[in-house]
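Novice: After the structure tokens below, expect a handful of questions from me.
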Amino acid sequence: MPEQIKLLQVRNPFRRDERQISLLDYNRQTIAELCAAVVPKNIDVVVHLNGMPVEKQFWQTCWPRPGDELVIMPVLGDDEIWGAVAMIAVVVASAWLGPQVSAALVPGATTGSLLATVVTASMVLAGGMLMQAILPPPQQKSPDFDSNTSQAFGWNPATLQEENIVQPRFYGKNQLYGNVIAVHTEPDDDDATKQILKTLLALGAGPVEGIIADSIRINDQPAANFTDVTTDEKKGTLNQTHVSFFDKTKVEYHPNILVTNTGGAKVYTTPDNDFDDLEIELLFPRGIWCSYQGFLLLTPIQFKVEISEHDVGSWSTLVACTCAWATTSPIRKNFKASEEYIGGDPVTIENGKRYDIRVTKVTIDDPSPLISQEMHLGSVREVFNDQFAYPGLAILGISALATEQLYGSLQVSCIQQGRIVNVYNGSTWSLEYSTNPAWVLWDILTQPVISGDGGGTAYAIERYECMDPSRLDLVKFYELAQYCDQSVDDGEGSTEKRVTFNGGFDTGTSVWEAALKVCEIARCTLVWDGIKLTLAIDKAADPVQMFCVGNIAAGNFCRTYLPQSERASEIEVHYRDELLDFQRTAFTIFDDEINNPNSKLTLELFGIIKQSEAWRAGQLRLAENRLLTDIVEFGADIDAIASTVGDVIYLQHDVPDWQCGGRVVSASSNSITIDKPVTPSGDTDKVMVRVYDPGTKQEAIEDHTVSTVSDDGLTITITDTWTIQPSRADVFIFGPTATYKRKYRLTNIRKTVQQRYTLTASEYNAAKYDGDSGTPPIPIPGHQSPKAAERVVVHPRSPQELWNEYPKSTTVEPPVLSVPILAGIDWLEKPNDKIGWTAGVVTYKGQNHEITAEATGLAAKYIYWNQDKTETFLGTNTLSEAMGPNKWIVCVNEGGTAHPIGSGKPYWGEMITVETLAAITAQLGNVFSGSVTGATITGGLIRTAESGRAVIIDANGIKFVSDDVMTGKYGQFKYGQAKYGTGYLARFCNTDAAGLPFEVQQEQTVGDMRLYNRSSVPSGAAKVGDFCVVNGVLKECYNAGTPGSWRSVNRLTVEEIDGTPSVDDVIKIKVANGDLTDDGGGVITIAT
């Protein structure tokens, strides 16, 4: 069987998986013969052998040897791309090319040497436009989207009327203000003193999902608040009809020419000649009236309007009449050339001609200040009969009648759900509304023209006005879409999508710049992959490639450290907040692990409208800022084309002493022989080998635990077996378990001299994505102050934002009390101890109830209102009848004297029910029943009962009242009926008690104080002055402690005359029987 070599045809240098493998017979060809076999004629190439250039004069005498690496690449001009070459080929010598053959082919190569062990021949040929991706890219124009100049996203968004501006394109949810594309006014047909404004606002390219219900606002007020306002929305479909009240387009001019009788007729010439009809509006700015003795009298005015072709002088009378009004309001009278009026005839307007309009005031001018007849040629409208539907443009039409609420210029806003985009679900496409950044990006890059309306006619793509979708990497876009749609914590007890895009483009922005703005939010970047555009997604990933000293060009490794002083410790995040009326909002997040308070970054998150999303985006940047410690740059040959920007790689190199690496010389089922010796660490070691899987046609990384290393360090045996046995020239990394893996992410790949590539990579740390699994603190939840624990600070930039930083009052809305409020009711004192009232209104729970007057009056003590009988007040002498559900005492009658509630009398009735009372002043007298929770009550009187035993709290303190002394003062009690006193049992913290905390003022049949009869003295902490009763004996604490020292209050010390013995705290003395005599009065005699 002839010896063979393996030919790898790589059509895309950045997608090595897209390759074809074939076997070629190998007949010991020289470099020249190999080039002739695979390189098309007339293509100039350069050859590198083991990274060193081989001059063309040596090609005929040089043969590839085992272990050599051969790269054949075209010589490219500075600004040209060849179009004749169809592939990139990699030729690898067969693994079974024997060392004897190699040694014979290459002088100096000995059998068993490294060069005689592995044969690797590779070449790269020109690939047409595909080679453009490898050439130095042109300097990209950095995105210059300036949100400050944006109509919708600037600091002061407003409705505009500008020409020659870009057609906006909005995605997701946005608050839009529109650009006026048509506007005119018309007098109200029913009232000449009123005017109707009709306007069309362009809201961007369609089709769109549409305006959210009830989100249209006019002059910062909901449109529903205004009467006589009509709106009509068109969603920008290609088959949409015109706005219902815009069946004609009118261009309006305001000459405002004063017309007087003495000044003669005034002539105005139309500026244009491309209209179908004319409207002439006469304006009487001060109204028409005549004042007589304070009254306005009906006043006539006569005028005439004529039309002639410009400079012809052939006048046709449109109207000649007399009108009369008696009003001071401005009056507008409109006349259409195509209609018939008194004293005239319709005038035919021919498109393509200009016309003169002549207005005459026939009525004689009257200079009297008591008469107003001022007349102007106010407006001229050129009318186009075409019904402009503006296909492909989302439109909001507004017809508004000028009122006291609505006048002057209109500021219009609405919240729109934007573009319909093409969405892929993994198997099928659909045209629908989406905020997924992947499909927004797809729409921007392809610019599809969509027909249909999504209802009766399904949406369909007619053509693409930008990139052909076949040039976009659908696999990567779908991967991005799934990544953005993954659910994460929203900080409010639920979940949300990781990333959404809600923004648009209404300034001069290129497709590429707009796409990059979306990429900033979507955590990705656009990468040219030949003629295709793919994505590098910034997300957690596993390494897919290995680079070590075995495949890194010698002397071509550089590591750059990022100094700590250049790292920001805080980021100020700017975004538009949907919950704050889409205002631009800012908050700051900190990194406590970076001690650099003077370094601060500003992050503008265009396309984010939720605080939780803004927080995650800020956390990602802040974590990356902290975890990114170094950047490496190194050169590589053929391995570089198997990588792409965004790939995570394993990296090893000897310069920073990162473990060991090299190439495989040979392998068995559980070992490899390598090209350079390694030294075991003494701990558990690991080895990784990059292998090629012929089944999947993908490269894979084998990762195994090392069992042994041979004495010479050239053979590594693993504890198990290889899944795919390594081949000659495969690269490996060896080292201790804790440090042998170093991960980096490729950020740039560029072609350099000598047909090599320079790769730039930044340190990879998956911890930077931890913010996605955290809970957003929501810096401004419900307009409350930020949580200090999360160290989130809001930097106010306006009074509104300053208000947001601090908590509002507990009561945001006025409290809704379930009490009747009386209005317009006067109380009347009537004979025979009666009281009456005038007619008025009772307001209860937001409802008004009319009360009829009471002329005769009621003699009842309690006058109350019953919700079940709302038209009058009722009376009763029984308190319980005036109390209860739906009953409220509104006045107390004391002998014909009315005491309305709030004049100091008690307030009985249904309990006041209110969610929160804050900062309320009320004159309610005494409040009985119900409860007051969490409040401060200052002044007034609190009494627990009207009669009997009660507790009274007033400004002097607390008083305990007995059953039979509820009222009265000292000296008003009769002897024998009650004890002399102040009328109180006891006082607590009362000023009348001479500062004593507690004072008993009455003698009762029960004791003044009761202590619990304990079985032993307290074992806890005690202080001098404490009392207790132990087994019926009153004891006091005379020495503080835990426990304290206790003794009987009526203590006795018994001792002998000489002082010894002496016994303290004696409570009983026992004597011999017959020796004790009770003398009475507490006196005893002991016989001796």
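Novice: Taking the number of other C-beta atoms within 10 Å as the exposure measure, put Phe295, Phe284 in order starting with the fewest.
Specialist: Phe295, Phe284
Novice: Hey, another quick one. Quick check: residue separation of Asn239 and Ser727 times 0.36 nm, minus the Cα distance between them. What number comes out in nm?
Specialist: Gain in length upon complete extension: 169.3 nm.
Novice: Would you kindly compute the Cα radius of gyration of the range 181-299 and its largest Cα-Cα separation (Dmax), both in Å?
Specialist: Values for the range 181-299 (Cα only, Rg and Dmax): 19.9, 63 Å.
Novice: Continuing with the same structure: Zone of Thr1085 (label point 7 Å along Cα→Cβ, backbone N under 15 Å): which residues in the range 1051-1078?
Specialist: 1074-1078
Novice: Taking neighbour counts of Cβ atoms within 10 Å as a proxy for exposure, in what order, fewest first, do Glu462, Glu578 appear?
Specialist: Glu462, Glu578
Novice: Which of the listed residues, Val1024, Ser1062, Val1049, is farthest toward the dipole's positive end in the range 1012-1088, when Lys, Arg count +1 and Asp, Glu count -1 at the beta-carbon?
Specialist: About the Cα centre, the residue reaching furthest to the positive side is Val1024.
Novice: Given R₀ = 30 Å, FRET efficiency for Lys353-Asp232 by Cβ-Cβ distance, to 0.05?
Specialist: Efficiency computed from Cβ-Cβ geometry: 0.35.
Novice: Moving on. Taking the Cβ of Tyr478 as the center, what net charge do the other residues with Cβ under 15 Å away carry, scoring Lys and Arg +1 and Asp and Glu -1?
Specialist: -1
Novice: Give the peptides 424-437, 1060-1073 in descending order of average Cβ contacts within 10 Å, highest first.
Specialist: Averaged packing, sorted descending, gives the order 424-437, 1060-1073.
Novice: For the range 648-759, build the convex hull from the C-alpha positions and give me its volume per residue in Å³.
Specialist: Given the Cα convex hull of the range 648-759, per-residue volume reads 129 Å³.
Novice: Determine, from the Cβ-Cβ distance of Ala950 and Leu1011 and an R0 of 30 Å, the FRET efficiency 1/(1 + (r/R0)^6), rounded to the nearest 0.05.
Specialist: 0.75
Novice: Contact order normalised by length for the range 250-384, with contacts defined as Cα pairs under 8 Å and 6 or more residues apart; what percent is it?
Specialist: Computed over the range 250-384, the figure is 46 percent.
Novice: For Lys861, go through the lysines and keep the ones whose alpha-carbon is under 25 Å away, minus same-chain ones fewer than eight residues off.
Specialist: Once the sequence-local lysines are set aside, what remains near Lys861 is Lys830, Lys834, Lys869, Lys887, Lys905.
Novice: Taking the Cβ of each residue in Thr673, Thr270, Thr644 as the centre, tally the other Cβ atoms inside 10 Å and list the residues starting with the fewest.
Specialist: Lowest to highest Cβ neighbour count: Thr673, Thr270, Thr644.
Novice: Rounded to whole Å, give me the distance from the Cα center of the range 327-402 to that of the range 467-541.
Specialist: Between the Cα centres of the range 327-402 and the range 467-541 lies a distance of 53 Å.
Novice: Here is a further query. What full-extension length gain, to one decimal in nm, is calculated for Gln1004 and Ala859 as 0.36 nm per residue of separation minus the Cα-Cα distance?
Specialist: Gain on extension, Gln1004 to Ala859, equals 48.1 nm.
Novice: For Lys56, go through the lysines and keep the ones whose alpha-carbon is under 30 Å away, minus same-chain ones fewer than eight residues off.
Specialist: Output for Lys56: Lys6, Lys41, Lys751.
Novice: Note down the Stokes-Einstein diffusion coefficient of the range 1012-1088 in µm²/s, whole number, using a Kirkwood radius over alpha carbon pairs, 37 °C, and 0.692 mPa s.
Specialist: The Stokes-Einstein estimate is 224 µm²/s.
Novice: If I take all pairs of Cα atoms in the range 250-384, what percentage of them are more than 27 Å from each other?
Specialist: Looking at the range 250-384, the distances longer than 27 Å represent 21 percent of pairs.
Computed from the coordinates by the stated procedures, all read-outs in this text should not be read as laboratory data. Given the structure is predicted, the values throughout are model-derived calculations rather than measurements. Neighbour counts run over all protein chains shown; Cβ positions are idealised from the backbone, glycine included.
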